[in-house]
1. If you put +1 on each Lys and Arg Cβ and -1 on each Asp and Glu Cβ, how big is the dipole of segment 1-96 around its Cα centre, in Debye rounded to 20?
2. Of the GluC sites (Glu not before Pro) in segment 297-393, which ones lie in a loop per DSSP and count no more than 13 other C-beta atoms within 10 Å?
3. Please give the charge dipole size of the chain, origin at the Cα centre, charges +1 on K and R Cβ atoms and -1 on D and E Cβ atoms. Round to the nearest 20 debye.
4. Taking all protein chains in place and a 1.4 Å probe, what share, in percent, of the accessible surface of the chain do carbon and sulfur account for?
5. For Cα pairs less than 8 Å apart in space and 6+ apart in sequence, what is the mean separation divided by the residue count of the chain, i.e. the relative contact order in percent?
6. Which FRET efficiency value, to the nearest 0.05, is calculated for residue 350 and residue 90 with the Förster distance at 60 angstrom and r the Cβ-Cβ distance?
7. For q values of 0.05, 0.06, 0.10 Å⁻¹, compute log₁₀ I(q)/I(0) with the Debye formula on a Cα-only model of the chain, without solvent.
8. List the trypsin sites (Lys or Arg not before Pro) within segment 166-252 that DSSP assigns to loop and that have no more than 10 neighbouring Cβ atoms inside 10 Å.
Amino acid sequence: MAVEELQSVIKRCQILEEQDFKEEDFGLFQLAGQRCIDEGHIDQLLEIIQNEKNKVIIKSMAWNLVGPVVRSLLWKNKEDDKRKHFLILDLLIKLCNPKELLLGLLELIEEPSGKQISQIILLLLQPLQTVIQKLHNNKAYSVGLALSTIWSQLSLLPVPYSKEQIQTDNYGLCQCCKALIEFTKPFVEEVIDDKENSLENEKLKDELLKFCFKCLKCPLLTAQFLEQSEEAGNDPLRCFASEVIGFLSAIGHPFPKMIFNRGRKKRTWNYLEFEEEEDKQLADSMASLAYLVFVQGITIDQLPMVLSPSYLLQFNMEHIEVFLQRTEESVLSKGLDLLENGLLRIEDNSLPHQYLEIKSFLTVPQGLVKVMTLCPIETLRKKGLAMLQLYINKLDSQGKYTLFRCLLNTSNHSGVEAFIIQNIKNQIDISLKRTHNKWFTGPQLISLLDLVLFLPEGAETDLLQNSDRIMASLNLLRYLVIKDNEHDNQTGLWTELGKIEDKFLKPLHTGLNMSKAHYEAEIKNSQENRQEVQKSKDFCSVTVSGEEIPNMPPEMQLKVLHSALFTFDLIESVLARVEELIEIKTKSTSEENTGIK
């Protein structure tokens, strides 16, 4: 019945000119053709399409059959059926109006979700390429539309993370990336072969440039790559990255050119549409590109040898900043790797302090602090700490001093502040043992110690929450008292001792007494309530410093409270030792002065 209906429409249209075809005829042709496919009349449909007498009708009407053919192909299992469907698809691509086909194919690509996305893309890329190559007007627009549609669908697929996921490629992303390169190559070659640089060629070049930057953002920004010790050819995403970077170079935007153009007002693209996308796309894309070149080593041999390590670090810092603003493990890891790559090129103590006037040179260490304190992944937290220490090591003395002040004012984390204070102690030690350094002795040091040797809220400061910082501060003060004699006073400590006692030591004494009394009272209350809790077999709650400790068994809460008391005892013992050393030193100096008289 469906075949007869289709033949009836064709017979009526054979006697008409193409411009006389009615809208009703288009609808009847599509319905009858789709029923032929659904009912399995593939041989008859194939015969109708191949009939030379139907050439004009097929060209004008049959593009609507591409959708039904493709959908049928997706669930056909028999190879013979598939072969016939592919033959029909090839004929439709060859015979139908390319403009209509282009829109029809792109609609088909936009339809699916999940694992079907890759199936459709892999099926239609070759036909789509053929259709676009048949278009002679507005080819750049057609290429851009196709690439944008394909990329939008690919961006919905999960990026494989582990070696196993890359190899199994459950969602087909890796296969699609490989096929997409083959799809794009002819258009890149077209740009290269056009020696006249026509306006249409410039537009095509621009569409390819946009596509490359989109690919650098997704999937390559979050993609994990196999270890370079393994065969690079076995990593489909790394191969995809290499090809994309190769395309950039081929269309006139090699990576070295981007480095040299950095900071210039003239941009490397000309069209307003891409400028509007800059803030959304370009920062992520350029960061991804920098990682691929410097860490993965793709085309790094093209970089001029004259570029200094500090220049390359400066170029990469804004990209590292982009990485560290994200929360995905793979992206954070890339930021840390790119930073390490740049810092290892630089000698210790050689990075000029003037670099800290560049915004990213302060925001990157602040980003490292966030990784160290907020990232849930331990390996990244440790790597963040190691990178902050490496960064500190590379700065000159004034740079270290400036960074310490910045992080003490902004980190708001006791552990980080303790880490910075330990670094200050190390720099003072170097200055006292080796060469005099004005940034870690005398007035400059005293200004820095003002940020260290004090309690933020006086005696009311939460000593438990600030215990790491307080212990580090006391250890620094103990070191200064031991290493610097009152008559030498290289650090300026002894001049400021009265202020330190008033702002730090005395309030700390008061705070310790208050905190210990509070926690001892809580322990007593907890022990008194223990029998009632045991009878009810329930959990108890304890309020400390105005905040309720989360519900937990009484034994566990007692451990927490005793641990807090132990911390206070530890602080108190170090405080007592510091005061003892101060007394010994001041008494010794007083006796020496008396002897001199």
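1. Values: 14 positive and 17 negative charges, 63 e Å.
Dipole of segment 1-96, to the nearest 20 debye: 300 debye.
2. On the way: sites: 318, 321, 328, 329, 340, 347, 357, 378; in loops: 328, 347.
Filter output for segment 297-393: 328, 347.
3. On the way: 66 positive and 85 negative charges, 202 e Å.
That gives the chain a dipole magnitude of about 960 debye.
4. Carbon-and-sulfur percentage of accessible area, whole number: 49.
5. On the way: 631 pairs, mean separation 39.8, N = 597.
Averaging sequence separation for qualifying contacts and normalising by length gives 7 percent for the chain.
6. On the way: r = 64 Å, r/R0 = 1.07.
So, using R0 = 60 Å, E works out to roughly 0.40.
7. With no solvent term, the Cα-only Debye profile gives -0.41, -0.54, -0.97.
8. Working: sites: 178, 195, 203, 205, 210, 214, 217, 238; in loops: 195.
Qualifying residues, ordered by number: 195.
The values are calculated or read from the model by the stated rules, or taken from the named source; none is laboratory data. Owing to the predicted nature of the structure, the values given are computational and were not obtained by experimental measurement. So basically every Cβ, Gly included, is an ideal-geometry build from the backbone, and we count neighbours across all protein chains shown. Ligands, DNA and RNA are excluded from the accessible area calculation, which covers all protein heavy atoms including side chains. Shrake-Rupley method; radii C 1.70, N 1.55, O 1.52, S 1.80 Å.
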